[in-house]
Ligand code: AGP
């Protein structure tokens, strides 16, 4: 922020306050709309479809004959629903929100919407980086703050503009000029009972075109039961929304036409469909999801490069000399598997670096024009991964970028030069499952596509494709272990720690298995390359420590066996997830879970499934909220 815009008396305050950190929020959910019937039930239903994002409080504001009505509650949307039953609200225009706080307590006063002087109400997703400085300026103008949030400045800023006369639209357009940071917002005013204004800036927001009105939401799943027609706003867009029409203005204030896109998501995709949890449903969807990755992208033993990666891909792959993959969390672990494939002499035989986005972006990486930068993300909105993508685009415009992503029209699919859509369908459970296996299938196709330009034989390509095509069936076999793994869960659920071991491309599977276990069961679980055991973690092993090993039948299995003996010698309880071909010395402390027989190369795609199931059943046995584990949000859209 430019301090010279403020009176001298305020400059010191501004310098001091700029040193403070803004409140950070991750993946709040926004829904807003204008309808020809009472909009409140539509908005609350939509908000419930965003529950998967994780949140700690919820609120609603609407333009009623009495002016702005606002209700906020700490806790679940259910609590807000109860509050609405006691204080019914009926209006044509309204906004609702779920808040997920990382800084600034979860509390009713911090919940959205935030209201300025009973005239303007705002919901917001993102971070206003200069909120402290703006707060100081607004205080000077006698605005009072009743929350600790950055969002409240937006309500006051819009009000300040709006009080000067003019429309809600122009008030919002002027107010956002003052904001720095990432924000999607929806705003109502007490004088406009049939209008909302929404803005997108580095935080997703879509317009849903319904039969009885027009809506905005953080993502399409919120609105899929009322429409499949969406307009994806661009950064800087301001939308002026009414029941029968809407107008979009770009960041310069120019009226623009954004294309209407038809979503192929269905209301069933965002429902549990007879399963107890979304995660359970998504684990069981994996055979079909992986089939969709391959459908129309392989034929006659070959990857159809153009169909899979786009018509520029073949040229780009031909000039690629190295691969740099960047991702977070589960998507990072799928990249770690891919590194084994990419570097194999018989496959792509290409140098492949893999980094966690939040590390890579701050270590001043040297960018290379002949490196292919690969960004993997289920959501396509993860802030660190997206920032890395933009870093490459700005720092080395001649370098090529590709995203492997599950969400069409996400920020990453728009920003990357090439896109490979994983077509896994909506993933609602916070713990990623089908996103992982579909990413792996996609990464194998990318490996083969690169390999073809680097001397991989046609025979090898055809062999790998045959193996890949067996994966959906092998996944079905792996899912049959469900009952056996459920029986292990109660005993496992009493533990507080677990060690996961793997070797080679099963090492990232051990990492992913341990991530699943910790994020939904809250058991402290660590993944290690089995060979590292005696370099430290063996000290943790005693009769209380379950050790889970993934043992495919590959060249490393003998070495893994000796690692496992080290565990048994310390009385560690061994759970070996093994191919039927692996010979294991059984004793009373060793449990063997027989995995489907599958080609070693693609085994990681199949062998992760039993680990997902184990984590799922342990979380259920512990009575945890499987789909919305504590402290986590589905996708992390701010740093
Ligand atoms: C996985 O179970 C996690 N919830 C998390 O690690 C996730 O994979 C990570 O935040 C990356 O998300 P993305 O794939 O949407 O970028």
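The values are calculated or read from the model by the stated rules, or taken from the named source; none is laboratory data. In this text the structure is predicted, and so the values were computed from the model without any measurement. Virtual Cβ from ideal backbone geometry, glycine too; neighbours counted across all protein chains shown.
One table, with the values for the structure above:
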{"read-out": "The stretch 569-587, subset surrounded by 14 or more Cβ atoms within 10 Å (Cβ to Cβ) and in contact with a helix residue (DSSP H, G or I) (Cβ under 8 Å, 6 or more places away or on another chain), residue farthest from residue 513 (Cα to Cα)", "value": "570"}
{"read-out": "Any hit, the stretch 563-583, residues being part of a loop (DSSP other than H, G, I, E, B), assigned by TED's automatic domain parsing to the domain that holds residue 504 and either closer than 17 Å to residue 523 by Cα or within 16 Å of the ligand (Cβ to nearest atom) (or both)", "value": "yes"}
{"read-out": "Test result for residue 155, over 20 Å from residue 251 (Cα atoms) and either surrounded by fewer than 19 Cβ atoms within 10 Å (Cβ to Cβ) or touching a residue at least 12 places away in the same chain (Cβ under 8 Å) (or both)", "value": "no"}
{"read-out": "Residue selected from the stretch 365-395 under the condition within 12 Å of the ligand (Cβ to nearest atom) and without any contact (Cβ under 8 Å) to a residue 40 or more places away in the chain, by the criterion surrounded by the most Cβ atoms within 10 Å (Cβ to Cβ)", "value": "380"}
{"read-out": "Lone qualifier among 441, 458, 462 - being touching a residue at least 24 places away in the same chain (Cβ under 8 Å) and either within 16 Å of the ligand (Cβ to nearest atom) or within 20 Å of residue 330 (Cβ to Cβ) (or both)", "value": "441"}
{"read-out": "In the stretch 135-152, the residues that are without any contact (Cβ under 8 Å) to a residue 60 or more places away in the chain, in a helix (DSSP H, G or I) and either more than 29 Å from the chain's Cα centre (by Cα) or in the same structural domain as residue 386 (by TED's automatic domain parsing) (or both)", "value": "138, 139"}
{"read-out": "Evaluation of residue 265 against (1) part of a helix (DSSP H, G or I); (2) buried (at least 17 other Cβ atoms within 10 Å of the Cβ); (3) out of contact with any strand residue (DSSP E or B) (no Cβ under 6 Å at 6 or more places or on another chain) (one fails), failing number", "value": "(1)"}
{"read-out": "Some residue of the stretch 534-554 being in a helix (DSSP H, G or I) and under 32 Å from the mean Cα position of the chain (by Cα)", "value": "yes"}
{"read-out": "Filter result for residue 422 (buried (at least 21 other Cβ atoms within 10 Å of the Cβ), within 16 Å of the ligand (Cβ to nearest atom) and not assigned by TED's automatic domain parsing to the domain that holds residue 50)", "value": "yes"}
{"read-out": "Breaking point among (1) within 22 Å of residue 285 (Cβ to Cβ); (2) away from the ligand (no atom under 16 Å from the Cβ), for residue 635", "value": "(2)"}
{"read-out": "Matching option when the condition is touching a strand residue (DSSP E or B) at 6+ places or on another chain (Cβ under 8 Å) and buried (at least 24 other Cβ atoms within 10 Å of the Cβ), among 410, 432", "value": "410"}
{"read-out": "Failed item in (1) surrounded by fewer than 21 Cβ atoms within 10 Å (Cβ to Cβ); (2) more than 23 Å from residue 462 (Cα to Cα), with residue 318 passing the rest", "value": "(2)"}
{"read-out": "The stretch 396-416, subset within 11 Å of the ligand (Cβ to nearest atom) and in a loop (DSSP other than H, G, I, E, B), residue modelled with the highest pLDDT", "value": "406"}
{"read-out": "Flag if residue 513 is assigned by TED's automatic domain parsing to the domain that holds residue 319 and either buried (at least 24 other Cβ atoms within 10 Å of the Cβ) or not in a helix (DSSP H, G or I) (or both)", "value": "no"}
{"read-out": "Subset tally (residues that are closer than 20 Å to residue 335 by Cα and in a strand (DSSP E or B)) for the stretch 476-510", "value": "3"}
{"read-out": "Conditions (1) within 15 Å of the ligand (Cβ to nearest atom); (2) surrounded by 21 or more Cβ atoms within 10 Å (Cβ to Cβ); number of the one not met by residue 356", "value": "(2)"}
{"read-out": "Filter result for the condition that a residue is within 19 Å of the chain's Cα centre (by Cα) and closer than 26 Å to residue 451 by Cα, over 428, 404", "value": "404"}
{"read-out": "Options 336, 304; residue that is surrounded by fewer than 22 Cβ atoms within 10 Å (Cβ to Cβ) and within 16 Å of the ligand (Cβ to nearest atom)", "value": "336"}
{"read-out": "Cβ-Cβ under 7 Å pairs, at least 6 apart or on other chains, the stretch 612-639 side within 20 Å of residue 527 (Cβ to Cβ), far side within 14 Å of the ligand (Cβ to nearest atom) and modelled with pLDDT under 85", "value": "632/54"}
{"read-out": "Scope the stretch 85-124; condition surrounded by fewer than 17 Cβ atoms within 10 Å (Cβ to Cβ) and over 27 Å from the mean Cα position of the chain (by Cα); matching residues", "value": "85, 86, 87, 88, 90, 109, 117, 118"}
{"read-out": "Residues within the stretch 511-524 that are away from the ligand (no atom under 15 Å from the Cβ) and out of contact with any helix residue (DSSP H, G or I) (no Cβ under 7 Å at 6 or more places or on another chain), tallied", "value": "0"}
{"read-out": "Sole residue being surrounded by fewer than 22 Cβ atoms within 10 Å (Cβ to Cβ), away from the ligand (no atom under 16 Å from the Cβ) and within 27 Å of the chain's Cα centre (by Cα), chosen from 452, 476", "value": "476"}
